[in-house]
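In what follows, a single structure is set out as structure tokens and then discussed.
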Amino acid sequence: MIKLDPPYDLRSVARENQFLPVVYDMGGFLVILLTGKIGWIDMTPPHSWKEETDPRIIRMAQYTASEKYSELSSLKPMRPENAIECKTCEGEGKIDHPSNAYACYCGGLGWLLPGE
Ligand SMILES: [Zn+2]
């Protein structure tokens with residue numbers, strides 16, 4: 001007999017750890033805590049937390065959250081004047097891929113800051 005892991009209950013994990021999942025990645029979630037902090041939570045117990053410090057990843061989380069949850073639409077990052085068009089997606093924010101599961105390097109915004 002094959003023994004499978006029990007189904008993953010994301011709602012309980014999110015409630016217990018007080019976060020809103022934004023992006024799923026291998027082994028964890030990019031989340032926004034109820035405190036407003038953005039970071040990573042491991043999928044497996046004890047669901048360790050690591051605050052994100054990369055401004056590009058933080059913008060991706062804010063943008064994705066603003067698209068996913070209408071109540072958070074104000075989180076959408078504003079494009080600064082010195083922003084440059086993302087060469088990967090040519091400013092579209094999306095990568096042409098059959099799975100449609102891969103986010104562009106720019107996180108969907110279509111722009112990056114100089115040096116990113
Ligand atoms: Zn892009």
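The values are calculated or read from the model by the stated rules, or taken from the named source; none is laboratory data. Here the structure is a predicted model, which is why all the values come from computation and not from measurement. No Cβ is skipped: glycine too gets one built from the backbone with ideal geometry, and neighbour counts run over all protein chains shown. Note: areas computed on protein heavy atoms with side chains; ligands, DNA, RNA excluded. Shrake-Rupley method; radii C 1.70, N 1.55, O 1.52, S 1.80 Å.
Assorted remarks:
- Per-region count, the stretch 87-109, residues open to solvent by less than 70 Å² (accessible area, probe 1.4 Å), within 13 Å of the ligand (Cβ to nearest atom) and farther than 20 Å from Ile38 by Cβ: 3
- Residue in the stretch 46-59 that is open to solvent by 60 Å² or more (accessible area, probe 1.4 Å), part of a helix (DSSP H, G or I) and within 23 Å of Gly115 (Cβ to Cβ) present: yes
- Filter result (within 15 Å of the ligand (Cβ to nearest atom) and at pLDDT 95 or above) within the stretch 65-86: Pro77, Arg79, Ala83, Ile84, Glu85, Cys86
- Pairing each residue of the stretch 68-96 that is closer than 11 Å to Leu109 by Cβ with any residue that is open to solvent by 100 Å² or more (accessible area, probe 1.4 Å) and in a strand (DSSP E or B), provided the two are 6+ apart or on different chains, yields C-beta distances under 7 Å for Gly91/Glu85.
- Taken as a whole, the stretch 27-40 holds no residue that is surrounded by 13 or more Cβ atoms within 10 Å (Cβ to Cβ), within 17 Å of the chain's Cα centre (by Cα) and in a helix (DSSP H, G or I).
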